[in-house]
Amino acid sequence: MDTLKKHELTYKPFGNAAILIEWPSEMHDSILKDLLSFYNTIQRNKIAAIVETIQSINSLTIIYDPQLIHFEEMKQWLIALYKKETTENTPVAYYVWKIPVCYDTRFGVDLAEISDKTMISIPKVIELHTKTAYRIYSIGFLPGFLYLGGLDSRLHIDRKPSPRLEVPKGAVGIGGMQTGIYPRTSPGGWQILGNTPISFFDTSTSIPCFAKAGDKIQFTPISYQEYVHMQTQVANEEYFIEKEVFYD
Amino acid sequence: MIKILKSGLYTSIQDMGRMHFLNYGVPISGVMDSYSASLSNVMVGNAKTCAVMEVTLQGPEMEFMSATRIAITGADLSPTLNYTPVEMNTSISIQQGDLIGFGERKTGARSYLAIAGGFQTALVFGSRSYFEGITPNATIKKGDLLPFNSSFGTGVSFFDVKKQDHPTIFNQQTLEVQAGPEFDWLSNEQQQKLLSNTYSLDLNNRMAYQLQPLFPNSLKSIISSAVLPGTVQLTPSGKIIVLMRDGQTTGGYPRIAQLTEQSINQLSQKLHHEKAHFRLV
């Protein structure tokens, strides 16, 4: 079994009640794997002074109670924990979630612009967008917003010069090197390719988002008729998102 | 129950926030000025963390359907009981049918109304703090009925407390900050300038306060990473943004400073165009 590469981590104070642990400044699978492994180790060994741990693309932020522990003690505790952590590169299970997206121009309001700017035909844009399973690096910014990695470089395209005041819930777009889904109706500057009837945030369950960091998202094209049908199924809680388990 | 007769400008129920759903992108939320909110709670015999009403600039009007005890702290928005001025920063006995209203703003931006036993509005993900898309409502509207536990707060003189005024929190211009994770990306000169400038408050709400003037810089973006209430971000166009309680959970702008809890409270009582400067602690 391989040995998972250990990284030189930096530990910085983030105000007087949080500590920021940083990995090298890259969006990379091997960094994510090490970071998620350390995140899980912290969760398993959690001490009372830890309020919450925020997982991001190349960092963890630990919010602690400064009445119960000081920065330096917190830092030493973390350094020791990271050192002690198993270095075996054990396979980690993850899901690939099949997310239906309707690329009909009724939703894909920027498809023509994307096609013009990339000089790739609309069907080819859709083909490129649906061929990759995108890694979820983190959930953040808005409730249920997934930071996805792995967009084909031919589809890297600048945000719109001025953001739209309202991008609908479920809109699937491209902003720079990222692709993503708007989990709620909000202002936004991404170029919009389509829309998914799937909800990425649900306040009625204790785990509000089905997907987690480390999983992947695979977009699958659907027709407008299928979209309308699935939308009803989702509303009636009769739609089950297809998923497959993999290991890396 | 409390029946809302007028909503006010921006009125919501807030507690100390929602700490455990940050990894789903859910902001912490919670009272903007935790000092004033805690004080109001203590004045009616509550734990400091009970849900209170946060009132912004123009207050609501409400009718109490049963007797209880309340306290109003924070900004002075000229509160009234049955149309007669009522003292702030002390506990007030309320009878069934009493009306609480607000008038002219005198000091500060946000007033807190605590009620014995705390507001019992919907608990979502461990908090009653209103936030759009999380709680059933984002703000309090006319006609809303707000539940509270009427078995608290009556007939016990133990909670009679004398008036305790705010310290000088409202008129302080100095916001204490710590160096943010990317503070050392600034040159020595820029660091000096950041700490010696006087800023004027621009657009602001529960999510963030923008400061003027612009702070020209050539800092790169960071890979999206955690931000917290009180995080001071610097954008490539030179905007200084102080994130507040409803701020997003992650951001890509360099985090040049971090306000202390006390400074977040202070800032949340300031108005558009008021002045502030940073002091490194």
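The values are calculated or read from the model by the stated rules, or taken from the named source; none is laboratory data. Just so we're clear, the structure is a prediction, and the values are computed from it rather than from any experiment. For neighbour counting, all protein chains shown are included, and Cβ atoms are generated from backbone atoms with ideal geometry for every residue, glycine included.
Structure notes:
- Matching option when the condition is in contact (Cβ under 8 Å) with a residue 60 or more places away in the chain, more than 24 Å from B:R255 (Cα to Cα) and more than 11 Å from every other protein chain (Cβ to nearest Cβ), among A:K6, A:K75, A:K46: A:K6
- Screening the range B:1-104 for strands (runs of 3 or more DSSP E) wholly inside it with 2 or more residues that are basic (K, R) and either farther than 30 Å from B:A226 by Cβ or not assigned by TED's automatic domain parsing to the domain that holds B:Q262 (or both) returns the ranges B:2-6.
This table checks each residue for (1) in contact (Cβ under 8 Å) with a residue 12 or more places away in the chain; (2) surrounded by 13 or more Cβ atoms within 10 Å (Cβ to Cβ).
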{"site": "A:Y64", "(1), (2)": "yes, yes"}
{"site": "A:F71", "(1), (2)": "yes, yes"}
{"site": "A:K98", "(1), (2)": "yes, yes"}
{"site": "A:F107", "(1), (2)": "yes, yes"}
{"site": "A:S121", "(1), (2)": "no, no"}
{"site": "A:K131", "(1), (2)": "yes, no"}
{"site": "A:Y134", "(1), (2)": "yes, yes"}
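Yes or no, residue by residue, for (1) in contact with a Leu (Cβ under 8 Å, 6 or more places away or on another chain); (2) crowded, with 24+ Cβ neighbours inside 10 Å; (3) within 30 Å of A:S206 (Cβ to Cβ); (4) modelled with pLDDT of 95 or more:
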position	(1), (2), (3), (4)
B:P27	no, yes, yes, yes
B:V42	no, no, no, no
B:M53	yes, yes, yes, yes
B:E63	yes, no, no, yes
B:I72	yes, yes, no, yes
B:L77	yes, yes, no, yes
B:T107	no, no, no, no
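- Within the range B:179-230, tally of residues that are among the β-branched types (V, I, T) and part of a helix (DSSP H, G or I): 0
- Exactly one residue among A:P143, A:P123 is out of contact with any strand residue (DSSP E or B) (no Cβ under 8 Å at 6 or more places or on another chain) and within 14 Å of chain B (Cβ to nearest Cβ), and that residue is A:P143.
- Assessment of the range B:245-267 against the conditions (more than 14 Å from chain A (Cβ to nearest Cβ), part of a strand (DSSP E or B) and in contact (Cβ under 8 Å) with a residue 24 or more places away in the chain) yields no matching residue.
Residue-by-condition table, conditions (1) away from chain B (no Cβ under 12 Å); (2) of a type in the set (S, T, Y):
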residue: A:Y11; (1), (2): no, yes
residue: A:A17; (1), (2): no, no
residue: A:T41; (1), (2): yes, yes
residue: A:I54; (1), (2): no, no
residue: A:N58; (1), (2): no, no
residue: A:I63; (1), (2): no, no
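- Here is the figure for the range B:1-57: residues that are among the polar types (S, T, N, Q) and within 22 Å of A:P208 (Cα to Cα) total 3.
- Residue match in the range A:200-212 (condition: under 25 Å from A:M230 (Cβ atoms), away from chain B (no Cβ under 12 Å) and touching a residue at least 12 places away in the same chain (Cβ under 8 Å)): no
- Checked against the criterion of being modelled with pLDDT under 95 and of a type in the set (G, A, S), the candidates A:G108, A:G140, A:G144 yield just one match: A:G140.
- Qualifying positions in the range B:208-244 - on the phi > 0 side of the Ramachandran plot and either within 8 Å of chain A (Cβ to nearest Cβ) or in contact with a helix residue (DSSP H, G or I) (Cβ under 6 Å, 6 or more places away or on another chain) (or both): B:G230
- Selection status of A:Q191, free of Cβ contacts under 8 Å to residues at least 40 places away in the same chain, more than 18 Å from A:M27 (Cβ to Cβ) and either among the basic types (K, R) or more than 14 Å from chain B (Cβ to nearest Cβ) (or both): no
- Of the residues examined, A:P183 is not one that is surrounded by fewer than 16 Cβ atoms within 10 Å (Cβ to Cβ) and within 21 Å of A:C102 (Cβ to Cβ).
- For the range A:169-179, the set of residues classified as surrounded by fewer than 22 Cβ atoms within 10 Å (Cβ to Cβ) and either under 15 Å from the mean Cα position of the chain (by Cα) or in contact (Cβ under 8 Å) with a residue 40 or more places away in the chain (or both) consists of A:G175, A:M177, A:Q178, listed by residue number.
- Residue list for the range B:124-146, filter: away from chain A (no Cβ under 14 Å), part of a loop (DSSP other than H, G, I, E, B) and either under 11 Å from B:Q14 (Cβ atoms) or not acidic (D, E) (or both): B:T139, B:I140, B:K141, B:K142, B:G143
- Considering the range B:109-140, and only residues there that are closer than 20 Å to B:M207 by Cβ and of a type in the set (F, W, Y), the residue that is surrounded by the fewest Cβ atoms within 10 Å (Cβ to Cβ) turns out to be B:F125.
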